Structures are given as C-alpha cells and as structure tokens.
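**Student:** Provided herewith is a single structure, encoded as structure tokens, for subsequent inquiry.
The values are calculated or read from the model by the stated rules, or taken from the named source; none is laboratory data. Given the structure is predicted, the values throughout are model-derived calculations rather than measurements. Quick reminder, even Gly has a Cβ in these numbers, built from the backbone with ideal geometry, and neighbours come from all protein chains shown. Heads up: the accessible areas ignore ligands, DNA and RNA and are worked out on the full protein's heavy atoms, side chains in. Shrake-Rupley method; radii C 1.70, N 1.55, O 1.52, S 1.80 Å.
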Amino acid sequence: MEEVCLNSEPVFDMVDEYEGEGDCSAVEHDDETGSKHSKKEPPLPTIGLEFDSFDEAYDYYNIYAKEQGFGIRVSNSWFRTKKKERYRAKLSCSSAGFKKKSEANNPRPETRTGCPAMVVIRLVDSKRWRIVEVELEHNHQVSPQIKRFYKSHKKMILAARKARPPAEPVTEIHTIKLYRTAAMDAVSNGFSNVSEREGIHQPDHSKHLELKEGDAYAVYNFFCRMKLTNPNFFYLMDFDDDSWLKNVFWADARSRAVYGYFSDTVAIDTTCLTSKYELPLISFVGVNHHGQSVLLGCGFLGHKSVEYFVWIFRAWLKCMLGHQPQVIVTDQCKPLQIAVSEVFPKARHCFCLWYIMQRVPEKLGGLRGFEEIKRQLNKAVYNSLKIIEFETSWTEMIKKHGLGDNKWLQTLYEERKQWVPVYLKDTFFSGMIPIRENESLNAFFDGYVHKHTSFKEFVDKYDLALYRKHLKEATADVQSKNSSFELKTRCNFEVQLSKAYTKEIFDKFQSEVEGMYSCFNTRQVTANGPIVTYIVKERVEIEGNEKEACFERS
C-alpha cells in the first residue's frame, strides 16, 4: 500500500481562504521567516484631504471602508450641464438611505438603516479632488469579518486582479501517480486490450474507486489548485500494490481550523454510500455556534468495508493531530461500528435516529397492520420520558403484532442504547441530530450531490458549496450581533446567557426556560458529596392530554 500525503501540520486559526485572494491591504507574509509585517494604514477621512482623480478618492474611501467593515456607494453626483463633467460627489455607507417600497407580494426585507456615514468630495482648480464634508459615525454595527461580501470591495478585488502582471511559469510540480500503466488506465475505464493469456493480472475493480474518463485529471487538478491557494490544505491517498487508487481523504485549512472549536460531536455522513450513489462520498461534519453544519473533512471510499473505513478514519485523525471527538454519530452499519470502535475507542458512538426511522417503511412496510405498528413504534421512540416507558411500549408492540422473529427489530432493540433518545439524555449532541418526530436532517452537500454526480462534477462544485456555507455563517454572525433579545423571565442567568449565546442558540435556551414553568414539586433524593440528586415533577402534554412526569437530576 502506498500513501501520498502533503502538509500534516494544521494551523488552528480562523483564517478565511477567500480573504487573501486579490486583496492588497492588511498583512504581508515574509517568504523566508513567515513573519508578518503590517502595512502603513491610510489616514482617516478628514476635510482638506486631496486626490489626483475621482477614482483615486473613491478607492481611498473604499479601502478605508473595507478595513472598518462596511461597503460604500456613490449616493449623489453633480455634473456641469454643458460638459457633462462631474465636479462634486457624495460617497456614502452602503446602508445609507432607504429603498423604495415594493408592491411585490413578497418584497425583500429592508437592509438599509439610513446610515449618515459619508464623505463629500469636490473638484478644485479643475485638477484635484478635495474632501469637503465628513461623517464617520454609523447608526449600525460595522463588522470587518464580513468585509469581503460588499459589492464595492468585490469591484476593488476584480480591478486588482486585472491589473496584476501575468504569473511566472510554475517550475516545480507535485506529481501524483494514480495509475502505473496504460493497460491499467484502460481497465479503469471499463475496457482492456490486454488478455489474461499475456500474463496480466486482472484486479478486483469492486474495491477501487471507479474513475471515469476525465475524473482522475479533475481530482489531480483539484488537489494541485487547493495546495497552491490553500497552503494548509491536507490530503492523503491510498493505493494498492498495483498502484490502483482505493481511497482519498482531504481537508482544507478552514475545516482543520474550525475543528479546534467544534470537535465535541462529529457526524460521519455516509448517505452516498448507503444510497448507492455513483460518487462514494464520505463527510465529517460538525456544528458551529449558530447550530449550522460545518465541514471537517471528506473523502472518497473505494469499498464499504471495515478495512476501508479504518483507513479513512485514521487519515482524518492524522489530519486533526490525533484529537478525538467525544461523540461520534453514524448510520447503523456493522462495518462502521467495528471501524469506529477500533479508531475511536474513547468516543461515545451513537446512531442517527433520523436514518433509522427513515427505514421503517422499507423494513416493515409489507407487514399486516403496518400503520398501527408505525404509530406504536413512534410513540415508544419519541414520547417515552423514562426508560421503563420505552421498554413497556416496545414490548406491547412486539407482542400485539407478533414481531418477535423480526431480525431488524431485534437488532434495533439490542442496540437501543445507541439511538433511542431516552437512553441518550446524558450525551451532548450539539443539536446535530433530530430527536423529535417532526424534525428532518439535511446532508452537508445536500443540493450539490445527486444519484449520478461524477467525481469531476463534485470537485467543480466543492468551492461553491463551501463558499455559500461560509457566507451563511458570516450573515448569521452579523444578524446575531445586531439582534436584541426579548427576555421572558427575571432570572439572572437568562440575562447572562443572552450576552454569551448567538441568537439561534439563545432561542433554544429560552424554550427550555419556558419549560421550567411547568415544573413543580422538586424533592431531594440522595446526596453523595458534591453530587445531589433531585426528583422533579413536570406537566407535559402528550397527544392533547396533560401528564405528570418525573425526572432525576444531579
């Protein structure tokens, strides 16, 4: 077996790979020492500051805005009638003014705030442009973290790229050997001109990645491009003795950095494998501070077996410097179970409830009284507040419908502590998996991968998928910072956590606070040193009826 690996040391810093591209402000990196030197910052906009041209004045204010974290636009211009020559202009914050009211059925929400921040520039002596009015204060929060998303900044980056001199020819090339001979290339594409009589060994193609025409070249180019534009990019390739590609794993710089923050719970998404997609994609996914999914690495798996799962798990663990997660969530699959126990022996391994319940029609749909069986199964899984309730409901379902010999249900019951919510109350899932009947689950690459997606098509869409996810996170950051929380109790901890949590997480916390109002009759049961156990009674509503439930809390 041959492995190809580049760059195994991650830098745990929230560096956005999109920020440095085409950006000529901020920080310079020394090629030899790797040290950073700050450039001289431009002066603040002040009355009397002059420029050689209107474009120079616009670029100056745009750079200043980018550093502060807001966009700009030309809100007013004055022209001389005869010559059509601009002699005065007002450059405003992009949030200045308000949009006209739309008569559409679903108008876009208002994003402007009537911000007063602006500069007014005027042509003097028919040669130079001078700042004659300045307002620096905004009536909204500015955020440098999302400066790359404003239109004015994008225009500046595109202009810088056009003005950039042609790149020097690349003299050093990293070569990755995917296939050793032309004969093997032919076999990989589904045909061969070499017969067995000539002594050529015919390998088992079911345990290799089935690369079609153009796929190998696309994957190779993808890795080369990522390595050049993303120095902390990590990838590992697994070959057999005949140089056939078996498995591939990679993680970009951002994935490696965010794992340092969101490594408590990791879901291993094998949807493409279980649904038998042409693309054997496997993804490692976490949850960020907004409850959104974040990519922690992904790869292509040549065969759904313990050996192959173990390889890709170890590749991911190597990429993350051996830092194991506390909880791992997977589909219910025996090879996955064995591989997880071997590579992550200290992690709590759980099955995704949503995946299991999605298989109910497939596994039980042919049985007599299926609808009643499904209703009782849902009641046992979703509505059981105590373990004894689940055990009783499950036993009644099995006896009533004569399901004692059903192998699938037997397996589910034997492994109930890994997927039934009532057994997992002590496990922290970061809100990753649905545990209620009406909740659903979306894969990280949902909308970018379909049944017949090819390797080439996927690597072409990879950057777009991640960019949109990053944009969604940045937007949530700004919305959360600008949101005001409506407190529902007078508890000090609610005030404290409203300042610590993001909007999405605080909303979930508040729903728990509301639930406290239904709790009553708290009674201490035991005290073991610093651990004190209480029984708390709560009124809950199940199927329209109020019911008392008891919980033990330590």
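**Student:** Testing Tyr423 on (1) assigned by the TED database to the domain that holds Ser283; (2) hydroxyl-bearing (Ser, Thr, Tyr); (3) open to solvent by less than 50 Å² (accessible area, probe 1.4 Å), one condition comes back false. Which one is that?
**Tutor:** (1)
**Student:** Which ones in the range 340-353 are surrounded by fewer than 15 Cβ atoms within 10 Å (Cβ to Cβ) and either farther than 23 Å from Trp311 by Cβ or free of Cβ contacts under 8 Å to residues at least 24 places away in the same chain (or both)?
**Tutor:** The answer is Ser341, Pro345, Lys346.
**Student:** Determine whether Tyr308 is in contact (Cβ under 8 Å) with a residue 24 or more places away in the chain and open to solvent by 40 Å² or more (accessible area, probe 1.4 Å).
**Tutor:** Considered against the rule, which asks whether it is in contact (Cβ under 8 Å) with a residue 24 or more places away in the chain and open to solvent by 40 Å² or more (accessible area, probe 1.4 Å), Tyr308 comes out as no.
**Student:** Sort out which residues of the range 41-91 are at pLDDT below 85 and among the hydroxyl-bearing types (Ser, Thr, Tyr), and write them in order of number.
**Tutor:** Of everything in the range 41-91, just one residue is at pLDDT below 85 and among the hydroxyl-bearing types (Ser, Thr, Tyr), namely Thr81.
**Student:** Now for a separate question. For the range 259-274, what are the residues that are of a type in the set (D, E, K, R) and at pLDDT 90 or above?
**Tutor:** The one that is of a type in the set (D, E, K, R) and at pLDDT 90 or above: Asp269.
**Student:** Just to be sure before I move on: is Lys318 assigned to a loop (DSSP other than H, G, I, E, B), in the same structural domain as Tyr220 (by the TED database) and under 30 Å from Tyr220 (Cα atoms) in the structure I sent?
**Tutor:** When the stated conditions are applied, Lys318 does not pass them.
**Student:** Which numbered condition trips up Glu28, out of (1) in a loop (DSSP other than H, G, I, E, B); (2) surrounded by fewer than 16 Cβ atoms within 10 Å (Cβ to Cβ); (3) at pLDDT below 50?
**Tutor:** Going through the list (1) in a loop (DSSP other than H, G, I, E, B); (2) surrounded by fewer than 16 Cβ atoms within 10 Å (Cβ to Cβ); (3) at pLDDT below 50, Glu28 breaks only (1).
**Student:** Examine the range 404-419 for a residue that is under 25 Å from Ser293 (Cα atoms) and not charged (D, E, K, R), and state whether such a residue exists.
**Tutor:** So far as the range 404-419 goes, yes, one or more of its residues are under 25 Å from Ser293 (Cα atoms) and not charged (D, E, K, R).
**Student:** Return the total of residues in the range 421-434 being of a type outside the set (Ser, Thr, Tyr), assigned to a loop (DSSP other than H, G, I, E, B) and in contact (Cβ under 8 Å) with a residue 60 or more places away in the chain.
**Tutor:** The first filter runs over the range 421-434 and keeps only residues of a type outside the set (Ser, Thr, Tyr), leaving 421-422, 424-426, 428-429, 431-434.
Restricting the remaining residues to those that are assigned to a loop (DSSP other than H, G, I, E, B) gives 424-426, 428-429, 431-434.
Keeping just the survivors that are in contact (Cβ under 8 Å) with a residue 60 or more places away in the chain gives 424, 428-429, 431-434.
The qualifying residues number 7.
**Student:** Can Tyr467 be described as exposed (fewer than 14 other Cβ atoms within 10 Å of the Cβ) and within 30 Å of Leu209 (Cα to Cα)?
**Tutor:** Yes, satisfied.
**Student:** Among the listed residues Leu317, Leu321, Leu336, which satisfies the condition of being open to solvent by 50 Å² or more (accessible area, probe 1.4 Å), among the aliphatic types (A, V, I, L, M) and within 21 Å of Met237 (Cα to Cα)?
**Tutor:** Result of the check over Leu317, Leu321, Leu336: Leu321.
**Student:** Show the residue pairs that are 6+ apart or on different chains and have beta-carbon atoms under 9 Å apart, the first residue being within the range 233-246 and in a strand (DSSP E or B), the second being among the hydroxyl-bearing types (Ser, Thr, Tyr).
**Tutor:** Partner pairs satisfying both residue conditions: Phe234/Ser8; Phe234/Ser255; Leu236/Ser8; Asp238/Tyr308; Leu245/Tyr179; Leu245/Ser188; Lys246/Tyr308.
**Student:** Separate question: Using beta carbons and a limit of 7 Å, which pairs, at least six apart or on different chains, have the first residue in the range 327-338 and more than 15 Å from Thr427 (Cα to Cα) and in a helix (DSSP H, G or I) and the second one open to solvent by 30 Å² or more (accessible area, probe 1.4 Å) and charged (D, E, K, R)?
**Tutor:** That search, which allows pairs on different chains as well, returns Pro335/Lys304.
**Student:** Testing Val340 on (1) at pLDDT below 95; (2) of a type in the set (A, V, I, L, M); (3) touching a strand residue (DSSP E or B) at 6+ places or on another chain (Cβ under 8 Å), one condition comes back false. Which one is that?
**Tutor:** (1)
**Student:** Scanning the range 385-420 for residues that are of a type in the set (Gly, Ala, Ser) and without any contact (Cβ under 8 Å) to a residue 12 or more places away in the chain, which turns out farthest from Ser263 (Cα to Cα)?
**Tutor:** Selected residue: Gly402.
**Student:** Taking Met226 as meeting all but one of (1) closer than 22 Å to Leu321 by Cα; (2) in contact (Cβ under 8 Å) with a residue 60 or more places away in the chain, write down the number of the exception.
**Tutor:** Answer for Met226: the failing condition is (2).
**Student:** Here's another thing I want to ask about it. Scan the range 361-375 residue by residue and report those that are under 21 Å from Ser275 (Cβ atoms) and surrounded by 18 or more Cβ atoms within 10 Å (Cβ to Cβ).
**Tutor:** Leu364
**Student:** Right, here's the next one. When you look at Val478, is it of a type outside the set (Phe, Trp, Tyr), touching a Leu at 6+ places or on another chain (Cβ under 8 Å) and either over 30 Å from Leu353 (Cα atoms) or surrounded by fewer than 12 Cβ atoms within 10 Å (Cβ to Cβ) (or both), yes or no?
**Tutor:** Here the answer is no, as Val478 does not meet what is asked.
**Student:** Follow-up. Counting just the residues of the range 200-216 that are open to solvent by 80 Å² or more (accessible area, probe 1.4 Å) and more than 12 Å from Phe300 (Cβ to Cβ), which one comes out modelled with the lowest pLDDT?
**Tutor:** Kept after step one, since they are open to solvent by 80 Å² or more (accessible area, probe 1.4 Å), are these residues of the range 200-216: 201, 204, 207, 210, 212-213.
This time we only want the ones that are more than 12 Å from Phe300 (Cβ to Cβ), so: 201, 204, 207, 212-213.
On the way: His201: 50, Asp204: 61, Lys207: 79, Lys212: 86, Glu213: 84.
Once the filter is applied, the top-ranked residue is His201.
**Student:** On the given criteria, is Lys227 open to solvent by 10 Å² or more (accessible area, probe 1.4 Å), charged (D, E, K, R), farther than 21 Å from Lys461 by Cα and out of contact with any helix residue (DSSP H, G or I) (no Cβ under 6 Å at 6 or more places or on another chain)?
**Tutor:** The answer is no for Lys227.
**Student:** Right, here's the next one. Could you please let me know if Ile282 is buried (at least 16 other Cβ atoms within 10 Å of the Cβ) and either of a type in the set (Val, Ile, Thr) or assigned to a loop (DSSP other than H, G, I, E, B) (or both)?
**Tutor:** For Ile282, the condition - buried (at least 16 other Cβ atoms within 10 Å of the Cβ) and either of a type in the set (Val, Ile, Thr) or assigned to a loop (DSSP other than H, G, I, E, B) (or both) - is met.
**Student:** Another question, then. Working only within the range 396-420, note down all residues that are among the acidic types (Asp, Glu) and assigned to a loop (DSSP other than H, G, I, E, B).
**Tutor:** Going through the range 396-420, the residues among the acidic types (Asp, Glu) turn out to be 396, 405, 414-415.
Result: Asp405, Glu415.
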